[in-house]
């Protein structure tokens, strides 16, 4: 598939799903009252998506790869913060597992796209 805009990139699509999952979790029950954790996990999830978009418009392939590495880190941050949420009993085991696995999928896709960019010549 030819990528013409950042919305065509699979990792961005999956990061968008992660954002929606995180917002759904954080806007209910006790979670919505924990402003610190709520804000932090939301920012980390949005960062996954935003870094892909920002990287797409980078001037160099290396800059794009760097932005994808930020996506990977932010997805790990979401996973870590999910532990705080489940420990506080803000979310169920199922919500934890589903969202954790979505963040894992984002990280894997970012890693794979980074490998692709490192190993292939891009043409404009």
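The values are calculated or read from the model by the stated rules, or taken from the named source; none is laboratory data. Please read these numbers as outputs of a predicted model, since none were measured by experiment. Using ideal geometry, Cβ is built from the backbone for each residue, glycine included, and neighbour counts are taken over all protein chains shown.
Per-structure values
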| read-out | value |
| --- | --- |
| Residue match in the stretch 7-20 (condition: under 20 Å from residue 83 (Cβ atoms), without any contact (Cβ under 8 Å) to a residue 60 or more places away in the chain and either out of contact with any strand residue (DSSP E or B) (no Cβ under 9 Å at 6 or more places or on another chain) or not in a helix (DSSP H, G or I) (or both)) | yes |
| Matching residues, the stretch 70-97, being closer than 15 Å to residue 15 by Cβ and touching a residue at least 24 places away in the same chain (Cβ under 8 Å) | 71, 72, 74, 75, 76, 77, 78, 79 |
| Residue that is farthest from the chain's Cα centre (by Cα) [pool: residues in the stretch 57-93 that are at pLDDT below 95 and surrounded by 14 or more Cβ atoms within 10 Å (Cβ to Cβ)] | 61 |
| Pair list, Cβ < 7 Å and 6+ apart or interchain, from the stretch 35-64 residues that are free of Cβ contacts under 8 Å to residues at least 12 places away in the same chain to residues that are in a helix (DSSP H, G or I) | 58/64; 58/67; 63/55 |
| Members of the stretch 31-56 that are under 25 Å from residue 119 (Cβ atoms) and crowded, with 20+ Cβ neighbours inside 10 Å | 48, 49, 51, 52, 55 |
| Tally, over the stretch 85-111, of residues that are part of a helix (DSSP H, G or I), farther than 16 Å from residue 21 by Cβ and in contact with a helix residue (DSSP H, G or I) (Cβ under 8 Å, 6 or more places away or on another chain) | 2 |
| Residues within the stretch 35-60 that are closer than 17 Å to residue 77 by Cα and outside any helix (DSSP H, G or I), tallied | 0 |
